[in-house]
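*Asks:* This is the structure I want to talk about, given as structure tokens.
Quick note: the coordinates plus some simple rules give every number you see, no bench work behind them. Since the structure is predicted, the reported quantities are computational estimates derived from the model, not experimental observations. We place every Cβ from the backbone using ideal geometry, glycine too, and count neighbours over all the protein chains shown.
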Amino acid sequence: MSNQSIKELGEQHVMNTYGRFPVAMVRGEGSKLYDGDGKEYIDFLAGIAVTLLGHANPVLTEAITEQAKTLLHCSNYYWIEPQNQLAELLCQNSCMDKVFFCNSGAEANEGAIKLARKYSAMKYGEGRHKILTMEQSFHGRTLATLTATGQEHFHKDFLPLIEGFDYIPMNNMAAFEEKADASVCAVIIEPIQGEGGVFPLDEQVAQEMAAYCKERDILLIADEVQTGLGRTGKLFGYQTLGVEPDIMTLAKALGGGVPIGATLAKDYVAKAFVPGDHASTFGGNPLASAAGLAVMQTITQDGFMEEVNETAAYFRSKLEELVEKHPFTEDVRGKGLMLALEVGQEAKPVLKACLEAGLLLTTAGKTALRFLPALNISKEEIDEGMQRLTDVLSQVDK
Ligand SMILES: Cc1ncc(COP(=O)(O)O)c(C=O)c1O
């Protein structure tokens with residue numbers, strides 16, 4: 001089916017919540033996607049930091065196919081072997097001890113919020129339930145995670161919000177200390193703000209915050225929905241900051257494209273949850289867990305992260321070359337393969353021109369382009385994508 005006919009059907013029956021481009025993606029291979037009219041795109045977006053092993057990855061495809069032939073779903077009334085194995089791998093490779101599986105980033109953060117409140121209520125009683133988050137943060141679209149999201153424009157049509165959240169400017173220790181009083185049970189950080197514009201949390205501030213939290217038993221929650229699983233050059237973004245969170249949330253890349261999320265916690269925190277406190281019908285089901293397991297087995301292989309860091313250095317150097325070439329571009333920021341290029345003007349028209357030129361990416365804030373390619377993107381795919389970006393920026397130059 002052509003882009004146009006797919007679009008027409010969608011407009012009739014799919015709810016109008018996304019400002020979609022008039023293109024339908026129908027097939028992918030590595031870091032290339034193809035639309036309904038057969039046009040090829042270089043994918044610097046990876047489904048917004050999801051398809052970390054590229055499209056139609058044979059290892060992931062094989063794992064999902066085998067699991068689908070064996071057992072798709074059975075419910076969390078029973079133990080699920082791939083779920084247990086995935087939990088083990090996640091814990092062995094992070095500072096966490098226990099995992100709760102769900103289906104998305106918002107749900108993983110909901111789990112974290114509930115866990116923090118239960119931990120605090122059990123230990124300190126009522127009234128210590130406030131959660132601090134950063135201005136410009138993004139934590140999801142459910143009511144609690146929307147409230148946690150420190151961006152007013154997401155809130156305005158959905159009032160009243162959930163009670164017990166407050167916001168602090170990022171990288172401002174004094175503002176944090178002022179609000180982190182006896183009513184606060186947790187603070188949520190993003191190691192790098194993703195939707196907020198690719199702004200990294202300062203290492204020193206993160207360490208001071210972690211120490212302040214530890215002294216007062218305020219739980220440090222790392223929302224690693226976008227930064228987790230190799231994206232920042234380390235397996236988890238908190239590892240770039242030299243801090244250990246008490247709770248961490250994952251989703252996006254965890255299933256490499258199959259929906260799965262996770263709330264991870266250190267043992268002493270995880271203990272607050274007992275049977276009946278939290279649940280999800282689909283959470284960590286055999287299919288999603290098999291995908292997660294294939295992803296984790298791949299990215300923890302010897303040498304995998306070294307290659308990611310080489311790719312990231314190459315990708316960044318190509319963006320820096322663009323800054324040299326085009327006077328209106330300003331700087332490159334971010335870590336690993338989570339990068340932004342300031343274009344010094346509205347980024348949306350540039351993004352649209354990139355799509356037309358066969359290049360997929362997204363924006364970071366109003367004036368920057370955001371790059372979240374697959375971790376295994378090839379040098380040739382990077383070169384081709386950068387060529388298309390150069391062509392677009394040269395048009396903007398004129
Ligand atoms: C840091 C962060 N947290 C949470 C979410 C929400 O994830 P989901 O869309 O899977 O609910 C996102 C999505 O962009 C995110 O970037």
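*Asks:* By how many nm would the segment from Glu152 to Val205 lengthen if fully extended, with 0.36 nm per residue of separation less the alpha-carbon distance?
*Replies:* Contour length minus the Cα-Cα distance gives 16.7 nm.
*Asks:* Additional query: Label Glu324 and Asn309 with points 7 Å out from Cα along Cα→Cβ: what is the distance between them in nm?
*Replies:* For Glu324 paired with Asn309, the spin-label model returns 2.4 nm.
*Asks:* Calculate, in nm to one decimal, what Glu380 and Ser317 gain on full extension: separation in residues at 0.36 nm each, minus their alpha carbon distance.
*Replies:* Here the segment from Glu380 to Ser317 would lengthen by 21.2 nm.
*Asks:* How far is the Cα center of region 4-63 from the Cα center of region 324-398, in Å?
*Replies:* 19
*Asks:* Taking 26 Å as the cut-off for C-alpha to C-alpha distance, list the pairs among Lys318/Lys352; Lys7/Lys318; Lys69/Lys252 that go past it.
*Replies:* Too far apart for the 26 Å limit: Lys7/Lys318.
*Asks:* Additional query: Taking the Cα of Glu135, stepping 7 Å toward and past its beta carbon, and measuring to each backbone N in region 183-212: which are under 14 Å?
*Replies:* In region 183-212, the label zone of Glu135 (backbone N under 14 Å from the point 7 Å along Cα→Cβ) covers no residue.
*Asks:* Also, I was wondering about something else. Consider just the alpha-carbon atoms of the chain and return their Rg together with their Dmax, both in angstrom.
*Replies:* Cα only, the chain: 21.0, 64 Å (Rg, Dmax).
*Asks:* How high is the FRET efficiency from Gln387 to Gln345, r the C-beta distance, R0 22 Å, rounded to 0.05?
*Replies:* 0.55
*Asks:* Shifting gears a bit: Considering only DSSP beta bridges where both residues belong to region 111-246, give the percentage that are antiparallel (nearest 5).
*Replies:* Around 15 percent of the beta bridges assigned by DSSP in region 111-246 are antiparallel ones.
*Asks:* Let me ask something else. What order do you get for 30-42, 319-331, 150-162, 241-253 when each peptide is scored by the mean count of other beta carbon atoms within 10 Å, highest first?
*Replies:* Highest-to-lowest ranking by the protection proxy: 241-253, 30-42, 319-331, 150-162.
*Asks:* Moving on. Let me know the charge dipole size of the chain about its Cα centre in debye, to the nearest 20, where only the beta-carbon of Lys, Arg (+1) and Asp, Glu (-1) is charged.
*Replies:* Rounded to the nearest 20 debye, it is 740 debye.
*Asks:* What FRET efficiency do you get for Asp277 and Gln297 if R0 is 22 Å and r is their Cβ-Cβ distance, rounded to the nearest 0.05?
*Replies:* The formula returns an efficiency of 0.15 here.
*Asks:* Between region 173-216 and region 123-140, what is the separation of their alpha carbon centroids in Å?
*Replies:* Distance between centres, Cα-based: 11 Å.
*Asks:* With an 8 Å Cα cut-off and a minimum separation of 6 or more residues, compute the relative contact order for the chain in percent.
*Replies:* Taking the mean separation of contacting Cα pairs over the length of the chain, I get 22 percent.
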